[in-house]
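Reading through the structure tokens given below for one structure.
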Amino acid sequence: MDLKIKQFVIIITILVIYSCEQQPKTLSRIQGEQLSINETILPLDSIEVFISPYRKRVNEVLDSTLSYAPYVISKTDGTYNSTAGNLMADILLQEANPIFNSRTKKNIDFVVLNHGGIRSIISEGNISARTAYEVMPFDNTVVVVELNGKSVRDLVAFLINSGRAHPIAGLQIVLAKDGSLQSVNINGAPFDENSTYNVATSNYLVEGGDNMGFFKDGLNITETNYLIRNAMIDYFEKVDTIAPIVDDRFMKLN
């Protein structure tokens with residue numbers, strides 16, 4: 001009798017083990033803990049020794065002088081356009097057009113960026129690669145969108161109604177004294193609603209950022225994979241003194 005009981009217990013044990021093994025494994029609980037990074041966490045000498053030369057080299061590259069600003073460049077120093085906005089848009093037009101042209105045999109007609117994308121002033125004094133990272137900390141790329149006449153009209157209406165000095169280049173908007181639209185010029189020629197235009201902007205705006213919905217109606221989209229920040233650095237390396245001004249690219253008649 002004892003032998004049968006032992007055999008029964010062994011069989012039941014094997015069945016239980018086998019049954020447990022066949023059960024699907026599921027996540028029953030997720031537990032996390034917030035760790036504060038502060039002065040109580042001491043650096044490890046071994047890690048510090050390892051990364052120190054890399055940190056030094058990175059800082060040398062970021063802080064090497066590329067150009068010079070004779071005054072503060074800001075996105076808030078103009079009502080309809082600003083020194084920082086004009087600089088950013090002009091840089092894209094100059095630096096991205098050769099890339100777009102090499103791929104499509106076409107040229108960028110004008111540039112539109114967003115006021116909020118400029119995250120810092122450019123202080124008076126030396127300009128470095130770190131300056132570009134401060135102004136444009138995001139990994140946004142230059143995208144060129146082909147827009148028809150109606151979409152360009154929607155774009156112009158957005159710029160007028162936004163109440164912000166969004167960066168533009170290659171595009172001129174003139175308002176009458178009463179605030180109504182007086183004229184629109186692209187590359188120095190009157191806007192033609194029957195034409196299409198290649199507009200350089202950022203991938204963030206093409207994806208619907210800042211409520212610029214007119215880009216969703218683009219006829220063709222060309223992703224250059226060229227970081228806006230890198231375009232800035234390339235420009236700074238070429239130009240000794242950076243001195244943009246508030247001009248008549250977007251203005252209201254007196």
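Values quoted throughout were computed directly from the atomic coordinates according to the rules given, and no laboratory measurement underlies them. Quick caveat, the model's predicted, so the values are computed rather than measured. Note that we place each Cβ from the backbone using ideal geometry, even for glycine, and neighbour counts take in every protein chain shown.
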Neighbour-count ranking for ARG29, ARG249, ARG153, ARG103 (other C-beta within 10 angstrom, fewest to most) reads ARG29, ARG103, ARG153, ARG249
Take the chain, mark every one of the GluC sites (Glu not before Pro) that falls in a DSSP loop and has at most 12 other Cβ within 10 Å, then report the longest stretch left between them, sites excluded. 40-123
Using Cβ counts within 10 Å as a stand-in for footprinting exposure, how do PHE110, PHE138, PHE191, PHE50 rank, fewest first? PHE50, PHE138, PHE191, PHE110
In region 62-252, lysine pairs closer than 26 Å at Cα, eight or more apart or cross-chain: 13
Quick one: putting +1 on the C-beta of Lys and Arg, -1 on the C-beta of Asp and Glu, what dipole do you get for region 161-242 around its Cα centre, in Debye to the nearest 20? 180
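Sorted from fewest to most neighbouring beta carbons within 10 Å, what does the list LEU27, LEU219 look like?
Ranking LEU27, LEU219 by Cβ neighbours within 10 Å, fewest first, gives LEU27, LEU219.
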Rg over Rh of the chain, using C-alpha atoms and the Kirkwood radius, what does it come to? 1.31
Starting from the amide H of LYS252, placed 1.01 Å from N in the peptide plane, find each other amide H under 5 Å away whose residue is 5 or more places distant or on another chain. LEU175
Just to confirm a number: summing +1 for Lys and Arg and -1 for Asp and Glu over residues other than ASN203 whose beta-carbon lies under 11 angstrom from that of ASN203, what do you get? -3
Averaging sequence separations of C-alpha pairs under 8 Å and six or more residues apart, then dividing by the length of the chain, give the relative contact order as a whole percent. 27
Quick one: net charge around ILE108, please, counting Lys, Arg +1 and Asp, Glu -1 for every other residue with C-beta under 11 Å from its C-beta. -2
Under Karplus coefficients 6.51, -1.76 and 1.60, residue-wise ³J(HN,Hα) of region 229-237 in Hz, glycine/proline x: 4, 5, 4, 5, 4, 4, 5, 4, 5
Among GLY209, ALA165, ILE228, whose Cα sits farthest toward the positive end of the charge dipole of the chain (+1 at Cβ of Lys/Arg, -1 at Cβ of Asp/Glu, about the Cα centre)? GLY209
Taking amide H positions as placed 1.01 Å from N in the peptide plane, with prolines and chain starts having none, which residues 5 or more places from LYS75, or on another chain, fall under 5 Å of its amide H? ALA84
Taking 4 °C and 1.567 mPa s as the conditions, I'd like the Stokes-Einstein D for region 55-194 in µm²/s, using the Kirkwood hydrodynamic radius from alpha carbon pairs. 77
With r as the distance between the Cβ atoms of ASN59 and ASP178 and R0 = 51 Å, compute the FRET efficiency 1/(1 + (r/R0)^6) and round to 0.05. 0.45
